[in-house]
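Student: Sharing a structure here in structure tokens format.
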Amino acid sequence: MFLKKIAPALALSVAAVFAATAAHAEKLSVAATPVPHAELLEFVKPTLAKQGVELDIKVFTDYVQPNQQVADGQIDVNFFQHLPYLDSFNKEHKTKLVAVGQVHVEPFGAYSSKIKDIKDLKDGAQVALPNDPSNGARALLLLQKQGLIKLKDPGNILATSRDIVENPKKLKFRELEAATLPRVLPDVDVALINTNYALEAGLNPVKDALFIEGSDSPYANIVVTTEAKRKDPGIKKLVQALNSAEVKQFINDKYKGAIVPAF
Amino acid sequence: MIFGNIDWPLIGEATIDTLLMTGFSLFFTVLIGLPLGVILFLTSRHQMLDNAPVYQVLSFIVNVLRSVPFLILLIVMIPMTRVLAGTSLGVQGAIPPLVASAAPFFARLVENVLRELDPGVSEACRAMGANSRQTVLMALIPEATTGIVAAVIVTAIALVGYSAMSGVIGGGGLGDLALRFGYQRYQTDVMIVTVVILVVMVQLLQVFGDRLVARLNRK
């Protein structure tokens, strides 16, 4: 009996405390993959609570459900993908999800054990690329950005070395298994390596890369919602919080170059 | 168009890569595997140079190399490949691991062929005063020629298959093409064409081998 009497009173007082700290508490549900997305969200959660946005982080380990749930209105926002993936998802699933902000890149870099500066790259140099479609194209797009090659369709995220139309340095391309690339570094002039494989091989993306994808990478990880919710104030606050100086510091301290801020 | 993804010059290049890889690897495989097989045979029990420690050690090395998955051998050998071939990449880089994998296999085949021979031949040689070197060169090898040729063909076909995995180190070749375009990019036509070329290659090898064996047998 005691409980029955006290419970409503307790609920009331909790509500009163909430009302005092956050005058207009908004609930925002976010779908995210565990690392680093959910970790970044946990980091901004207290800040957002102070601004009256209560973040409900739902961790997913697959790449379809987070988009599907947002499209169905079950979840407000998601944070796990890059734009090329969102584009192909929208096309395949006939959804109209939109990006409202970008946070970080898991960058792709060029490494060499022969040259210290990309300007020293000789004509006819050997360049090693990953041999799978998405990473291979990503490597070619990065080379294109550096002005080393030109692709038939400059935005093709599935380009292969056969799509190269201009190659002024007459670079020779070798396509290898992505994980093998760090091991063959001594045999080629340049190798384009995913950051996770570079880190595993003891390379430091910050210090060792000749050039690396920056904040303007099309592969920056984005915050996504539906067209209808794109102007939602809570979502705006979330994006602002994720693009804060504190998050930049947090990313640089915690991930040490494995991921870089894209804002 | 059914064959819209096919880039014929690329296929031609890959075919040449496969032939180069198989050809050179086969040459070195025979060069290393044949003596190794003969030594394995001679040092085994009740043979001319019966020597248990030598046999055990060689046999162990052969077994180890044969049990390491080729894909792993390809990667583990990278530093050694660099020393032997000058690079760990491409066709050149694929040859040392191919040889390391095929030579022990071929040596075992040779050992078995020699074991199947009638022991009377070498006994007769010994009785006439031939030393073991003479016995091997003048009696064993000539007697075993057809069996060894058949073993070379079996090894060559195994090498065609193994060379498909060289794509991991940028070795190129038809298998690499089938994997990269046929499998990863869903270009089924590329897969079909490369596989058909591989089948034709293996068929030709087998027919040629069978003919050679038949001719040798008639002599």
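Every read-out reported here was derived from the displayed coordinates using simple, explicitly stated rules and does not represent laboratory data. Because the structure is a prediction, the values reported are computed rather than measured. Cβ placement follows ideal geometry from the backbone for every residue including glycine, while neighbour counts extend to all protein chains displayed.
Student: Roughly how crowded by other chains is peptide A:124-131, in terms of the mean Cβ count from those chains within 10 Å of each of its Cβ atoms? Don't skip to the end; give the middle numbers.
Tutor: Numbers: counts 0, 0, 4, 0, 3, 1, 0, 7.
Mean shielding by partner chains, rounded to a whole number: 2.
Student: As I understand it, the dipole of the range A:108-212 uses +1 on the Cβ of Lys and Arg and -1 on the Cβ of Asp and Glu, about the Cα centre. Which of A:I164, A:G109, A:A209 lies farthest toward its positive end?
Tutor: A:I164
Student: Also: For the range B:55-143, give the magnitude of the charge dipole about the Cα centre (Cβ charges: +1 Lys/Arg, -1 Asp/Glu; no others), in debye to the nearest 20. It would help to have the intermediate numbers written out before the result.
Tutor: Details: 6 positive and 5 negative charges, 67 e Å.
Roughly 320 debye, rounded to the nearest 20.
Student: Which longest run of chain A has no exposed loop site in it, a site being trypsin sites (Lys or Arg not before Pro) in a DSSP loop with at most 12 other beta carbons within 10 Å, and the site itself not part of the run? Numbers along the way, then the final one.
Tutor: On the way: sites that count: A:K94, A:K96, A:K116, A:K122, A:K152, A:K170, A:K231, A:K256.
That would be A:1-93.
Student: May I pose another question? Starting from the range B:1-105, pick out the trypsin sites (Lys or Arg not before Pro) whose DSSP state is loop and whose Cβ has at most 11 other Cβ atoms within 10 Å. Working shown, then result.
Tutor: Details: sites: B:R45, B:R66, B:R82; in loops: B:R45.
Sites meeting the loop and neighbour criteria: B:R45.
Student: Moving on to the next point. Mind scanning A:K116/A:K254; A:K119/A:K172; A:K119/A:K150; A:K27/A:K231; A:K50/A:K236 and naming the pairs with a C-alpha gap bigger than 19 Å?
Tutor: Details: A:K116/A:K254 27 Å; A:K119/A:K172 17 Å; A:K119/A:K150 17 Å; A:K27/A:K231 15 Å; A:K50/A:K236 15 Å.
Exceeds cut-off: A:K116/A:K254.
Student: Follow-up question, since we're still on this one. Return the average number of partner chain Cβ atoms within 10 angstrom of each residue Cβ along peptide B:30-40. Intermediate results must be reported in sequence, preceding the final value.
Tutor: Details: counts 0, 0, 0, 0, 0, 0, 0, 0, 0, 0, 0.
Per residue, the number of nearby Cβ atoms from other chains is 0 on average.
Student: Further, regarding this structure: Can you compute the helix-only [θ] at 222 nm over chain B? Use -39500 (n - 2.57) per DSSP H run of at least 4 residues, normalise by all residues, nearest 500 deg cm²/dmol. Walk me through the intermediate numbers first.
Tutor: On the way: 10 runs with 165 residues, N = 219.
Roughly -25000 deg cm²/dmol at 222 nm, from the helical runs in chain B.
Student: Most mobile of A:F173, A:F211, A:F79 per a Gaussian network model of chain A (Cα springs, under 10 Å)?
Tutor: Taking springs between Cα atoms under 10 Å, the residue moving most is A:F173.
Student: Which residue, A:A220, A:A38, A:A201, tops the fluctuation ranking in a GNM of chain A built on C-alpha contacts under 10 Å?
Tutor: A:A201
Student: I would also like to ask the following. How would you classify the range B:65-219 from its alpha-carbon gyration tensor, with a ≥ b ≥ c the square roots of the eigenvalues: rounded for a/c under 1.5, else prolate if a/b is greater than b/c, otherwise oblate? Spell out each step's value before the answer.
Tutor: Details: a/c = 3.62, a/b = 1.82, b/c = 1.99.
Oblate, because a/c is 1.5 or more while a/b does not exceed b/c.
Student: On a C-alpha basis, how far is the centre of the range B:110-183 from the centre of the range B:1-35 in Å? Whole number, if you could?
Tutor: Cα centroid to Cα centroid, the span is 19 Å.
Student: Any idea what the dipole of chain B comes to, in debye rounded to 20, about its Cα centre with Lys/Arg Cβ at +1 and Asp/Glu Cβ at -1?
Tutor: Working: 13 positive and 12 negative charges, 63 e Å.
Here the size comes out at about 300 debye.
Student: Please say if the range B:163-211 is rounded, prolate or oblate, where rounded means a/c under 1.5 for a ≥ b ≥ c the square roots of the C-alpha gyration tensor eigenvalues, and otherwise the choice is prolate for a/b larger than b/c and oblate otherwise? Spell out each step's value before the answer.
Tutor: Details: a/c = 4.81, a/b = 1.74, b/c = 2.76.
Oblate.
Student: Another question about this same structure. Give me the inter-chain shielding for A:179-192: mean count of other chain Cβ atoms within 10 Å, whole number please.
Tutor: Working: counts 2, 9, 1, 0, 7, 11, 0, 6, 13, 4, 0, 0, 0, 0.
Per-residue shielding by partner chains comes out at 4.
Student: For the range A:108-212, what is the charge dipole size about the Cα centre, in debye to the nearest 20, if Lys and Arg each add +1 at the Cβ and Asp and Glu each add -1 at the Cβ? Don't skip to the end; give the middle numbers.
Tutor: Values: 15 positive and 13 negative charges, 59 e Å.
Charge dipole, the range A:108-212, about its Cα centre: 280 debye, nearest 20.
Student: Also, I was wondering about something else. Rounded if a/c is under 1.5, else prolate if a/b beats b/c, else oblate: with a ≥ b ≥ c from the C-alpha gyration tensor eigenvalues square-rooted, which is the protein assembly as shown?
Tutor: Values: a/c = 2.94, a/b = 2.38, b/c = 1.24.
The shape class here is prolate.
Student: Right, another one. Have a look at B:T145, B:T87, B:A130 and report the one farthest towards the positive end of the charge dipole of chain B, computed about the Cα centre with Cβ charges (Lys/Arg +1, Asp/Glu -1).
Tutor: The Cα lying farthest towards the positive end belongs to B:A130.
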